[in-house]
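K.L.:
Can you keep this structure in mind? I'll have questions shortly.
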Ligand code: NI
């Protein structure tokens with residue numbers, strides 16, 4: 001699986017984000033883009049007063065921490081404090097590649113967490129270029145897509161309403177995407193065996209999972 005769509009925030013949490021962000025100061029997103037991405041980036045970003053993580057950041061970190069699907073897909077080692085971006089009509093983020101290192105974190109995976117309900121704005125799809133073709137992604141408020149930061153991607157122009165998202169990047173404890181994919185399948189197989197109450201199968205698959213992880217993990 002090249003990308004994963006996950007429920008991350010509850011409707012109450014989304015509401016708190018939208019309220020808190022309505023009080024934030026938004027500045028030109030170009031300030032935090034590097035290289036060619038700077039030219040492509042036309043959005044607004046909530047200003048960060050300090051490097052400290054905010055209560056909103058902590059809510060996202062906690063939600064990702066307890067999300068088993070995220071943990072078994074991403075094997076997160078470090079997660080950057082999110083950026084909160086706002087797109088008004090006419091704004092977009094043209095095709096770009098994310099920088100390989102941000103804030104001391106190697107950006108293996110990118111995550112976009114949607115905070116606006118899809119029916120409140122038009123356009124604003126995240127479009128990811130995979131070898132198999134383009135994927136257009138627009139999710140319910142509170143859902144996130146986690147995808148390889150190695151891909152070219154863009155945000156389609158917003159033509160109505162406001163698109164608010166949180167974006168962050170993840171350094172994986174398992175660097176190689178193909179190996180992460182096998183480990184992800186193995187962890188799903190363990191869950192299936194557990195659900196079927198097949199103890200010998202559960203043990204054998206768990207042994208495979210942990211011993212393969214031991215070979216490749218960079219804790
Ligand atoms: Ni990007």
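Each reported figure results from applying straightforward, stated rules to the coordinates on display, with no laboratory input. Remember, predicted model here, so these are calculated numbers, not experimental data. Ideal geometry is used to build each Cβ from the backbone, glycine not excepted, and the neighbour counts take in all protein chains shown.
K.L.:
Please give the number of the condition residue 101 fails out of (1) more than 30 Å from residue 22 (Cβ to Cβ); (2) away from the ligand (no atom under 16 Å from the Cβ).
P.N.:
Failing condition for residue 101: (2).
K.L.:
Can you name every residue in the stretch 153-176 that is loosely packed, with under 14 Cβ neighbours inside 10 Å and either touching a helix residue (DSSP H, G or I) at 6+ places or on another chain (Cβ under 7 Å) or farther than 30 Å from residue 54 by Cβ (or both)? Working first, answer last.
P.N.:
Filtering the stretch 153-176 for residues loosely packed, with under 14 Cβ neighbours inside 10 Å gives 159-160, 176.
Passing the criteria: 159, 176.
K.L.:
Related question: Can you pull out the strands (runs of 3 or more DSSP E) entirely within the stretch 140-215 that have at least 3 residues that are under 12 Å from residue 74 (Cα atoms) and within 16 Å of the ligand (Cβ to nearest atom)?
P.N.:
Output list reads 143-148, 163-172.
K.L.:
Just one of (1) touching a residue at least 40 places away in the same chain (Cβ under 8 Å); (2) more than 15 Å from the ligand (Cβ to nearest atom) trips up residue 122, so point out which.
P.N.:
Going through (1) touching a residue at least 40 places away in the same chain (Cβ under 8 Å); (2) more than 15 Å from the ligand (Cβ to nearest atom) one by one, residue 122 breaks only (1).
K.L.:
May I pose another question? Anything in the stretch 89-110 that is over 15 Å from residue 173 (Cα atoms) and in a loop (DSSP other than H, G, I, E, B)? List them, or say none.
P.N.:
Passing the criteria: 89, 90, 91, 97, 98, 99, 100, 103.
K.L.:
Identify the single condition in (1) in contact (Cβ under 8 Å) with a residue 60 or more places away in the chain; (2) buried (at least 18 other Cβ atoms within 10 Å of the Cβ) that residue 219 does not satisfy, given that it satisfies every other one.
P.N.:
Failed condition: (2).
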